[in-house]
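Below is one structure, written out as structure tokens, with a few remarks after it.
The values are calculated or read from the model by the stated rules, or taken from the named source; none is laboratory data. Worth saying up front: this structure is predicted, and the values here are computed from it rather than measured. Note that we place each Cβ from the backbone using ideal geometry, even for glycine, and neighbour counts take in every protein chain shown.
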Amino acid sequence: MTEVDSGTRTVPTIAELRALLDERRSAGASVALVPTMGALHDGHLALVRRARELADVVVVSIFVNPLQFGPGEDLERYPRTLDADVAALAGLGVDVVFAPSVDEMYPRGRDAGTTVHAGPIGERYEGASRPGHFNGMLTVVAKLFGIAQPDVALFGQKDAQQVHLVSRMVADLDLPLRIETVPTVRESDGLALSSRNRYLGEAERRAALVLAESLRAAEAAAGEGPSELLAEGVAAFGDHDGVSLDYFVVVDPDTFLPVSEDFRGRALVLVAGLVGSTRLIDNAFVEVGSDG
């Protein structure tokens, strides 16, 4: 176990984390968990700031989870910036950084243990493009919940499908914690913050703005109904070379299923695309069939 000047502790093992948190709980402290894969940006730090408001002890996990990367994805090149991440977290008064190895999390091997199945919604949208991704994500999140036993766990709205599936897992398995969703953090020009943004070259960075532009176009047309907002959102991609649209869909936030043409009310628009070789996602809530 190491410690930085702020009192932030970096813990590499499950046993050490449990011992530390048991001690704090015995004194009556509440615990918030922020699961991450590191390469932290202001979106992650917004989760941490909110966690600091909600609990006495804030734990941030940093673990690049191999189970949620498919063949040909960027597991090996995914940015790993532990020292910088810990320094940023220490500046926010994080109590514990849990930074386990792959062997610590999967001692019998990454393919040999029990896993969580995300169900049909886990096979749509991101799940269709990244088979097995959400099974791997839910498996590691379930492990983290079991290890840290937090009172509350925080996730970003940018990963809307992830939040939906985690929330459903907590409800379906009667896990004793609350999920808190924090709004997406964006650059001044609207680009949603992502650890993968660092892969973008200058021209790709400009092209990536089409994701946010498509959501604004959809929102502007939402009063006319689902077909119109979808058409306007997709049309925004027409003049953007170098960006390949994967999906653009409007879903019911409660079920995460595509809405029918007669749907009216609050909906969620999901978009994903490849900017060069970098996969980016975004989403926004809209009011369908309402001019207000």
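Residues Gly238, Gly233: which one is farther than 20 Å from Ala39 by Cα, surrounded by 15 or more Cβ atoms within 10 Å (Cβ to Cβ) and in the same structural domain as Ser260 (by TED's automatic domain parsing)? Please lay out each step first, then the result.
On the way: Gly238 fails: surrounded by 15 or more Cβ atoms within 10 Å (Cβ to Cβ).
The unique qualifying residue is Gly233.
In the same structural domain as Pro79 (by TED's automatic domain parsing) and in contact with a helix residue (DSSP H, G or I) (Cβ under 8 Å, 6 or more places away or on another chain): is that true of Leu280 in this structure? Steps first, please.
Working: in the same structural domain as Pro79 (by TED's automatic domain parsing): no; in contact with a helix residue (DSSP H, G or I) (Cβ under 8 Å, 6 or more places away or on another chain): yes.
Here the answer is no, as Leu280 does not meet what is asked.
Go through the residues of the range 200-219 one by one and say whether even a single one is at pLDDT below 95, outside any helix (DSSP H, G or I), over 20 Å from Val286 (Cα atoms) and in contact with a Ser or Thr (Cβ under 9 Å, 6 or more places away or on another chain).
yes
What strands (runs of 3 or more DSSP E) lie completely within the range 86-187 and have 3 or more residues being at pLDDT 95 or above and more than 21 Å from Leu270 (Cβ to Cβ)? Explain how you work it out, then say what you get.
Values: elements: 96-98, 152-156, 178-182.
Because the criterion is at least 3 residues that are at pLDDT 95 or above and more than 21 Å from Leu270 (Cβ to Cβ), the strands (runs of 3 or more DSSP E) in the range 86-187 that meet it are 96-98.
Which residue out of Asp239, Asp254 is modelled with pLDDT under 95, part of a loop (DSSP other than H, G, I, E, B) and out of contact with any strand residue (DSSP E or B) (no Cβ under 6 Å at 6 or more places or on another chain)? Break it down stepwise before answering.
Values: Asp254 fails: modelled with pLDDT under 95.
Of the residues listed, the single one that is modelled with pLDDT under 95, part of a loop (DSSP other than H, G, I, E, B) and out of contact with any strand residue (DSSP E or B) (no Cβ under 6 Å at 6 or more places or on another chain) is Asp239.
If you go through the range 3-20 one residue at a time, do you hit one that is surrounded by fewer than 13 Cβ atoms within 10 Å (Cβ to Cβ), without any contact (Cβ under 8 Å) to a residue 60 or more places away in the chain and in contact with a Ser or Thr (Cβ under 8 Å, 6 or more places away or on another chain)?
yes
For the range 142-167, what are the residues that are under 15 Å from the mean Cα position of the chain (by Cα) and of a type in the set (D, E, K, R)? Steps first, answer last, please.
Initially, the range 142-167 is screened for residues under 15 Å from the mean Cα position of the chain (by Cα), giving 142, 144, 153-167.
Within the range 142-167, Lys158, Asp159 meet the criteria.
Filter the range 43-85 for residues that are among the acidic types (Asp, Glu) and not in a loop (DSSP other than H, G, I, E, B); which is nearest to Lys143 (Cα to Cα)?
Within the range 43-85, the first condition is being among the acidic types (Asp, Glu), and the residues that meet it are 53, 56, 73-74, 76, 83, 85.
Now restrict to residues that are not in a loop (DSSP other than H, G, I, E, B): 53, 83, 85.
Numbers: Glu53: 24, Asp83: 24, Asp85: 22 Å.
Among those residues, the one meeting the criterion is Asp85.
Would you mention how many residues in the range 158-208 are of a type in the set (Ser, Thr, Tyr) and out of contact with any Gly (no Cβ under 9 Å at 6 or more places or on another chain)?
Of the residues in the range 158-208, the ones of a type in the set (Ser, Thr, Tyr) are 167, 181, 184, 188, 194-195, 199.
Checking the rest, the ones that are also out of contact with any Gly (no Cβ under 9 Å at 6 or more places or on another chain) come to 167, 188.
Total meeting the criteria: 2.
Which count do you get for residues in the range 142-164 that are closer than 23 Å to Ala272 by Cα and either in contact (Cβ under 8 Å) with a residue 60 or more places away in the chain or of a type outside the set (A, V, I, L, M, F, W, C) (or both)?
Filtering the range 142-164 down to residues closer than 23 Å to Ala272 by Cα leaves 154-164.
If we keep only those that are either in contact (Cβ under 8 Å) with a residue 60 or more places away in the chain or of a type outside the set (A, V, I, L, M, F, W, C) (or both) too, we end up with 154-162, 164.
Selection size over the range 142-164: 10.
I'm checking my understanding of the structure. Among residues of the range 87-142 that are within 23 Å of His44 (Cβ to Cβ) and of a type in the set (D, E, K, R), which one is surrounded by the fewest Cβ atoms within 10 Å (Cβ to Cβ)?
Glu104
What number of residues within the range 45-76 satisfy the criterion of being over 23 Å from Thr13 (Cβ atoms) and modelled with pLDDT of 95 or more?
Applying the first criterion (over 23 Å from Thr13 (Cβ atoms)) to the range 45-76 yields 45-47, 49-50, 52-54, 69-74, 76.
Narrowing further to those that are modelled with pLDDT of 95 or more: 45-47, 49-50, 52-54.
Of the residues in the range 45-76, 8 are over 23 Å from Thr13 (Cβ atoms) and modelled with pLDDT of 95 or more.
I need the full set of residues from the range 211-242 which are of a type in the set (A, V, I, L, M, F, W, C) and touching a Phe, Trp or Tyr at 6+ places or on another chain (Cβ under 6 Å), in order please.
Filtering the range 211-242 down to residues of a type in the set (A, V, I, L, M, F, W, C) leaves 211-212, 215, 217-218, 220-222, 229-231, 234-237.
Of everything in the range 211-242, just one residue is of a type in the set (A, V, I, L, M, F, W, C) and touching a Phe, Trp or Tyr at 6+ places or on another chain (Cβ under 6 Å), namely Val234.
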